[in-house]
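A short write-up of the structure that comes next.
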């Protein structure tokens with residue numbers, strides 16, 4: 001079988017020179033190649049000859065689906081062709097790693113990192129839906145974190161449209177024969193319950209569910225549902241709800257966790273209706289996480305609920321008002337005796353002072369303190385001297401709460417996915 005695979009140096013269809021092997025599997029192989037006409041480096045996806053008959057329509061559908069949309073977060077597909085009885089697909093050459101590899105290496109991922117990568121992906125999926133493409137196999141392995149040679153920012157891209165559904169202007173599947181009734185299409189751990197039951201009839205809400213499952217996995221370090229076998233996994237997805245994300249990541253905003261769980265609702269009617277709704281629910285938290293330290297003082301940025309934040313804001317205002325009254329009453333003025341005012345300013349201050357004032361001894365000419373007798377010294381403590389300019393006010397030190405993260409579950413899983421390369 002491997003003898004059918006191209007080797008570095010081979011020229012495919014008189015146009016693409018194979019440069020290096022990127023990987024291979026049961027369906028074929030992937031290569032880095034060069035377009036001999038333009039000199040552009042591309043990725044070449046090769047399908048083995050004996051697999052060509054069963055994969056022909058899906059390869060063509062993958063090319064059509066990806067070519068419908070030009071978006072920075074959707075992989076570009078340039079060409080599809082046949083060489084010596086084998087199919088090949090030519091697409092954008094990417095350098096980096098999959099989101100799945102990033103999760104496997106560092107899970108759970110920080111919130112700001114997850115939103116920086118996945119918000120553009122959500123916008124890319126929204127663009128797919130607007131052009132009549134339902135992906136049906138969104139998962140971390142099909143999201144690629146690409147980085148150019150200059151080391152610029154990472155760009156996340158959606159890959160693999162082989163099982164996507166192309167919807168016509170009337171809302172019907174353009175190629176219903178490619179989706180057999182009752183067939184399983186996708187990867188169960190990220191599939192909406194209705195897709196597990198009937199993949200042919202799903203709409204864009206199935207992709208909303210998959211995006212919610214990806215967000216959950218990246219932030220929790222575990223999938224929404226994990227089971228030891230496929231039957232148990234499917235039963236859990238159809239009958240139970242995921243563990244509350246807020247209990248696995250106590251540092252996450254509650255409203256964000258609620259939005260992700262709304263995307264994971266079993267019933268499509270109760271789910272967030274489309275990608276616009278999911279983006280609107282998630283986007284504000286990306287803006288907060290990108291804000292410079294100290295730039296935001298909203299209750300959410302402070303990690304407080306509305307009730308608690310109102311309590312503390314009210315307390316702060318009350319303390320500020322009390323200090324203002326004390327200053328007006330000259331109760332704290334002796335602390336600044338080292339810098340006396342000019343006579344004119346003292347007269348204006350005296351004119352503004354309230355009619356009833358609390359007498360305070362002058363710091364510069366302290367009032368005489370009577371010497372206690374022996375009886376007085378034993379009967380009562382000595383009076384406290386008036387404060388001087390050298391006295392300092394001790395301020396209590398604040399303590400910052402630390403978020404406690406729950407360790408992600410390490411339950412073994414069996415994931416049923418398509419045999420890809």
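Checking segment 108-130 against the condition returns no match, with no residue being assigned to a strand (DSSP E or B), crowded, with 20+ Cβ neighbours inside 10 Å and assigned by TED's automatic domain parsing to the domain that holds residue 210.
For segment 137-150, the set of residues classified as in contact (Cβ under 8 Å) with a residue 40 or more places away in the chain, in a loop (DSSP other than H, G, I, E, B) and out of contact with any strand residue (DSSP E or B) (no Cβ under 6 Å at 6 or more places or on another chain) consists of 137, 138, 139, 148, 149, listed by residue number.
Listed here are the helices (runs of 4 or more DSSP H) enclosed by segment 194-290 that have at least 1 residues being surrounded by fewer than 21 Cβ atoms within 10 Å (Cβ to Cβ), within 22 Å of the chain's Cα centre (by Cα) and at pLDDT 95 or above: 245-248, 254-263, 275-290.
Only one of the listed residues (49, 61, 68, 126) is closer than 23 Å to residue 185 by Cβ and more than 30 Å from the chain's Cα centre (by Cα). That residue is 61. With respect to the conditions (1) surrounded by fewer than 24 Cβ atoms within 10 Å (Cβ to Cβ); (2) modelled with pLDDT under 95; (3) touching a helix residue (DSSP H, G or I) at 6+ places or on another chain (Cβ under 6 Å), residue 170 lacks only one, and its number is (3). Looking at (1) under 20 Å from residue 277 (Cα atoms); (2) surrounded by fewer than 20 Cβ atoms within 10 Å (Cβ to Cβ), which is the only condition residue 136 fails? Among (1) under 20 Å from residue 277 (Cα atoms); (2) surrounded by fewer than 20 Cβ atoms within 10 Å (Cβ to Cβ), residue 136 violates only (2). On the given criteria, is residue 55 outside the structural domain of residue 223 (by TED's automatic domain parsing), closer than 30 Å to residue 126 by Cα and out of contact with any strand residue (DSSP E or B) (no Cβ under 9 Å at 6 or more places or on another chain)? No; evaluated as a whole, the condition is false for this residue.
The values are calculated or read from the model by the stated rules, or taken from the named source; none is laboratory data. Quick caveat, the model's predicted, so the values are computed rather than measured. Here Cβ is always computed from backbone atoms with ideal geometry, including for glycine, and neighbour counts include all displayed protein chains.
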